[in-house]
Amino acid sequence: MSANDKSYDGFTAEERSAMKERAKELKAAARREAKAADLEQEVLAKIATFQESDRVLGEGLHAIIRASAPELTPRLWYGMPAYTKNDKIVCHFQPAEKFNTRYATFQFSDVANLDDGAIWATSFAVPELNAEVETRIAALLKQAVA
């Protein structure tokens, strides 16, 4: 086909190249989604192994995190449920049984945007979940990922 030939069958080399690039992008996105789903299943499976009080807290916190900050990706971190943004830990749940402590904690890393003056909290004792605690955690999560 010459440059002056106005008709052709099929796609140009540029169109084929663009379609190949798009196919690569779609495959990569599917792999990322599959990996994210696998990571979330690992987190949920780990939470399921916790003692009842920690399991209830872990399941509740997971639900709050997924609803309040869906851009965070769940994963395990030192055997604890953690949630990342751009592959950096933003927050994690430390069950009481992990280190035989009196209460479970929900903690934020330095990546979280919680800065508030000269001092601010990054770790919270969570003996139980109730409406007030859920609202507070949801607000902290939204601030942390803003």
Rank-order 77-84, 129-136, 52-59 by packing density, defined as the average count of other C-beta atoms within 10 Å over each peptide's residues, highest first. 77-84, 52-59, 129-136
Equivalent ellipsoid dimensions for the stretch 13-145 as semi-axes, Å, which come from the Cα gyration tensor, largest first: 33, 18, 12
Post the alpha-carbon centroid distance, the stretch 24-57 to the stretch 63-120, in whole angstrom. 15 Å
For the pairs K24/K46; K46/K88; K35/K98, flag any whose C-alpha to C-alpha distance is greater than 23 Å. K24/K46; K35/K98
Under 19 Å Cα-Cα from K20, which aspartates and glutamates qualify once same-chain neighbours fewer than 8 residues away are excluded? D9
Computed magnitude of the charge dipole of the chain (debye, nearest 20; Cβ of K, R +1, Cβ of D, E -1): 300 debye
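Every read-out reported here was derived from the displayed coordinates using simple, explicitly stated rules and does not represent laboratory data. Source: prediction; values computed, not measured. Glycine also receives a Cβ, built like all others from the backbone with ideal geometry; neighbour counts cover every protein chain displayed.
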